[in-house]
Amino acid sequence: MQSNRHVVYILKDGSARPAGKGAIIGFIKVGYKKLFVLDDREAHNEVEPLCILDFYIHESVQRHGHGRELFQYMLQKERVEPHQLAIDRPSPKLLKFLNKHYNLETTVPQVNNFVIFEGFFAHQHRPPAPSLRATRHSRAAAVDPTPAAPARKLPPKRAEGDIKPYSSSDREWGLPQGW
């Protein structure tokens, strides 16, 4: 997970005593991903926003406020607003959750599996610190009043001469003959 720059936030019930260690109620996994997204004018944009990659609260404790508590904690630690996130394959339950608690309803249609909401492009992006973990734990991040952006500026594109064409014939796929 460290090499992917993903972070998992875990909510634990310390009072539950199976084997004396408590019980995990739920988790949320986030990380930065390079995405090609369409804006409301259907223009392509290359961004690297903070993404919700997975979010789960155990069925036995859903609708008790634990999901909102965990999601709110993640937003605070990552210093982002909900409309700044890209969400990977959200379930209908997650979409209803985001609508109910954060008024996120209008999506910007995408050609990939990610969902972004109206307002995703409405702010100026500032690159985050080099390390997601270092940003969260440094004193400077705690004192800095400006919110971290959910997206990073990408390096400039290489000149056409530097790009090597890719061909599936360059690789051995190991498929049986006749495929």
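The values are calculated or read from the model by the stated rules, or taken from the named source; none is laboratory data. Worth saying up front: this structure is predicted, and the values here are computed from it rather than measured. Counting neighbours? That spans all protein chains shown, and the Cβs are built from the backbone with ideal geometry, glycine included.
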task = Inspect all residues belonging to the range 79-86 and state whether any of them is over 21 Å from Val8 (Cα atoms), touching a residue at least 40 places away in the same chain (Cβ under 8 Å), surrounded by fewer than 17 Cβ atoms within 10 Å (Cβ to Cβ) and not aliphatic (A, V, I, L, M).
result = no
task = For the range 74-84, indicate whether the set of residues that are under 17 Å from Ala122 (Cβ atoms), touching a strand residue (DSSP E or B) at 6+ places or on another chain (Cβ under 6 Å) and not polar (S, T, N, Q) is non-empty.
result = yes
inquiry  = Just to be sure I understand the filter: pairs with C-beta atoms under 8 Å, separated by 6 or more residues or on different chains, first member in the range 38-61 and among the polar types (S, T, N, Q), second member outside any strand (DSSP E or B). Which pairs pass?
reply    = Asn45/Asp39; Asn45/Phe121
task = Report yes if Gln84 is modelled with pLDDT of 90 or more, within 15 Å of the chain's Cα centre (by Cα) and either more than 25 Å from His44 (Cα to Cα) or of a type in the set (A, V, I, L, M, F, W, C) (or both), otherwise no.
result = no
